[in-house]
Amino acid sequence: MTTQPTDVPAIQLRGVSKSFRTPDGQEVGVQPTDLEVAAGEIHGIIGFSGAGKSTLLRLANLLERPDAGQVIVHGDDLTAMPPATLRAARQRIGMIFQHFNLLHNRTVADNVAFPLRIAGASPERIRERVDTCLAFVGLAEKAGAYPAQLSGGQKQRVAIARALAPEPHVLLADEPTSALDPRTTQSLLEVLADVNRRLGVTILLVSHEMGVIRRLCHRVSVMEGGHIVERLRIDQGRIPPGSQLAQWLKDYGDGTGDAPEEEVDPTASLQREASHA
Amino acid sequence: MLESLLATFIELLPEIGKAAGETGLMLVICLTAALLFGGSLGILVFLTSKGQVLGRFRRFNLVANGFINVFRSFPFIILLVAVSPFTRHIVGTSIGPLAASVPLSLAAIFYFARLIEQTLRDVPRGVIEAAEAMGASPLQIVRQVLLVEARSGLILAVTITAVSFLSYSAVAGVVGGGGIGDLAIRYGYYRFQTDVMLITIVLLVILVQGIQFFGQWLARRVDKR
Ligand SMILES: Nc1ncnc2c1ncn2[C@@H]1O[C@H](COP(=O)(O)OP(=O)(O)OP(=O)(O)O)[C@@H](O)[C@H]1O
Ligand SMILES: [Mg+2]
């Protein structure tokens, strides 16, 4: 689906920083940081609460404007764009959220159609994309339902279909499974793996759950205090021994709070591209 | 008692009809002004508030907010008198329903603006942010997110405004604004015709109930949350 050359990184954050002003002085969200996400990769950002994960993710589509540095998506510098150009660029960057953020007064189909309407797509294309994307997430029969009539897992599937509708090259995900139970999480991770494998969409995903990172990501950046303190390759779901992350895993478990790590076979349900395995 | 009331009612029917028409005219004018100007103002104040899409226009927000507060703190009867030179200037007279519509509209615009601004706050920030992330422009966010997600609250805001200004229009009657309130004051108050007073009150009660009931019914119907 995507025709982007794979040698251009999908996302490059160059020296980005963001600080928030609070009544009691300055609170830094993200210290000057570099991040590069290769096209076709699933890149995780993990860290404790307040580490700056969400801020870093939101810098990638300029929901948060950096105080300094550049945000380059598929070779285009978002920070240099005038508003209208930035809006057009954002139409090719999907985003999903922990709390789904669907429009409650619109049907499932209208939610999925929303980004296409904004972009001024033709009715035929809208119909075609809505059908395709709802079928992709397995919710074709819910097209006429309202979000209030869906379960949390179904709502997140709708949000994924909505993000996929304009055929994005990149998907940003902020804790997409944190509001869901372990089984629903598992099935959603499979959907996301499919999005990456079958549609070739690059995914940048924030999670504080080690299990999610291990099951889904090819690479992971570990954040602490607004910095990326570690960058790791996840091979077959294994965290490199001796890393900070491996230590956290030992100290705090994999964040799901249930199954101990030995019982989880991270590759059983998710097949990766050979190049990443 | 009831018979004589009915007799008075029939006798006064032409007057009541005329008064109802005048009240209707005042309401239509001031609600239209409230929807157009108050609605736009309320939306702009919301969009420019802290942390929202146009939050960088902080100065506009402060000024507009101040304006709304100043106008809303005027007691209506004082506003009525205070703007009468302005009213004479644009309507040519300061009595009659058209003239009364000027202060009514002015009050309704700022009243409605505040209501709208507060109603829009019920739309979760995350939903607006999702639209921003999809590349929606501020205008698209207003039309396709805010007005859709807050629609039942907006209908209730119109309902409350209509009911409030029905009673304000009666106050406008005091200075010769016409309408049902004027009728009540002329016959009921100045001429001690309690039966006329009663009839107008019953009429107003029915109107208020009707507006309130319809507004709530419609708001419930469009709410899919
Ligand atoms: N809009 C904001 N205003 C003020 N401070 C903020 C804002 N957003 C984030 N921060 C601060 O920046 C720091 C990083 O926040 P961020 O939300 O990126 O953390 P996080 O790693 O995503 O945490 P969590 O796992 O709890 O979501 C925190 O100290 C937070 O208080
Ligand atoms: Mg976060």
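The values are calculated or read from the model by the stated rules, or taken from the named source; none is laboratory data. Computed from a prediction, not measured in an experiment: that's the story for all the values here. Here the Cβ is made from the backbone with ideal geometry for all residues, glycine too, and neighbour counts use every protein chain on show. All accessible areas refer to the heavy atoms of the entire protein, side chains included, with ligands and DNA or RNA removed. Shrake-Rupley method; radii C 1.70, N 1.55, O 1.52, S 1.80 Å.
Scanning segment A:5-36 for residues that are near ligand 1 (Cβ under 8 Å from one of its atoms), of a type in the set (Val, Ile, Thr) and closer than 24 Å to A:Ile93 by Cβ turns up just one, A:Val30. Total residues in segment A:125-164 satisfying the condition of being within 12 Å of chain B (Cβ to nearest Cβ), in a helix (DSSP H, G or I) and either hydroxyl-bearing (Ser, Thr, Tyr) or open to solvent by 50 Å² or more (accessible area, probe 1.4 Å) (or both): the figure is 2. A:Ala51 fulfils the conditions (1) away from ligand 2 (no atom under 16 Å from the Cβ); (2) crowded, with 22+ Cβ neighbours inside 10 Å; (3) over 13 Å from the mean Cα position of the chain (by Cα) except for a single criterion, (1).
The rows are residues; the columns are (1) under 17 Å from the mean Cα position of the chain (by Cα); (2) within 14 Å of another protein chain (Cβ to nearest Cβ); (3) within 16 Å of ligand 2 (Cβ to nearest atom).
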| site | (1), (2), (3) |
| --- | --- |
| A:Val8 | no, no, no |
| A:Gly15 | no, no, no |
| A:Gly29 | no, no, yes |
| A:Gly40 | yes, no, no |
| A:Leu56 | yes, no, yes |
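Scanning segment A:17-27 for residues that are away from ligand 2 (no atom under 15 Å from the Cβ) and assigned to a strand (DSSP E or B) turns up A:Ser17, A:Ser19, A:Arg21, A:Thr22, A:Gly25, A:Gln26. Restricted to segment A:87-103, and to residues there that are farther than 20 Å from B:Arg125 by Cα and at the interface with chain B (Cβ under 8 Å from one of its Cβ atoms), the residue that is nearest to ligand 2 (Cβ to nearest atom) is A:Ala89.
A:Leu192 satisfies every condition listed in (1) open to solvent by less than 20 Å² (accessible area, probe 1.4 Å); (2) away from ligand 2 (no atom under 16 Å from the Cβ); (3) in a loop (DSSP other than H, G, I, E, B) except (3). If the condition is being among the hydroxyl-bearing types (Ser, Thr, Tyr) and open to solvent by 80 Å² or more (accessible area, probe 1.4 Å), then segment B:70-100 contributes only B:Ser73.
A:Arg117 falls short of the stated requirement of being away from ligand 1 (no atom under 16 Å from the Cβ), open to solvent by less than 20 Å² (accessible area, probe 1.4 Å) and among the charged types (D, E, K, R). Just one of the listed residues (A:Val229, A:Val222, A:Val206) is more than 16 Å from ligand 2 (Cβ to nearest atom) and either closer than 21 Å to A:Val30 by Cβ or without any contact (Cβ under 8 Å) to a residue 12 or more places away in the chain (or both), and it is A:Val229.
Using the structure shown, decide if B:Phe67 is of a type in the set (Phe, Trp, Tyr), without any contact (Cβ under 8 Å) to a residue 60 or more places away in the chain, open to solvent by 90 Å² or more (accessible area, probe 1.4 Å) and assigned to a helix (DSSP H, G or I). For B:Phe67, the condition - of a type in the set (Phe, Trp, Tyr), without any contact (Cβ under 8 Å) to a residue 60 or more places away in the chain, open to solvent by 90 Å² or more (accessible area, probe 1.4 Å) and assigned to a helix (DSSP H, G or I) - is met. Could you please find all residues in segment B:200-224 being within 14 Å of another protein chain (Cβ to nearest Cβ) and either touching a Phe, Trp or Tyr at 6+ places or on another chain (Cβ under 7 Å) or in contact (Cβ under 8 Å) with a residue 60 or more places away in the chain (or both)? B:Leu218, B:Ala219, B:Arg220, B:Val222, B:Asp223, B:Lys224, listed by residue number.
Table: residues versus (1) in a helix (DSSP H, G or I); (2) of a type in the set (S, T, N, Q).
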site	(1), (2)
B:Thr32	yes, yes
B:Ser94	no, yes
B:Pro103	yes, no
B:Ala113	yes, no
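Going by the conditions given, is A:Arg106 open to solvent by 60 Å² or more (accessible area, probe 1.4 Å) and within 14 Å of chain B (Cβ to nearest Cβ)? Judged against the criteria, A:Arg106 is not a match. The residues on offer are B:Val196, B:Val174, and the sole one that is more than 14 Å from the chain's Cα centre (by Cα), away from chain A (no Cβ under 14 Å) and open to solvent by less than 30 Å² (accessible area, probe 1.4 Å) is B:Val196. Inside segment A:109-124, residues that are within 9 Å of another protein chain (Cβ to nearest Cβ), assigned to a loop (DSSP other than H, G, I, E, B) and free of Cβ contacts under 8 Å to residues at least 12 places away in the same chain make up a count of 0.
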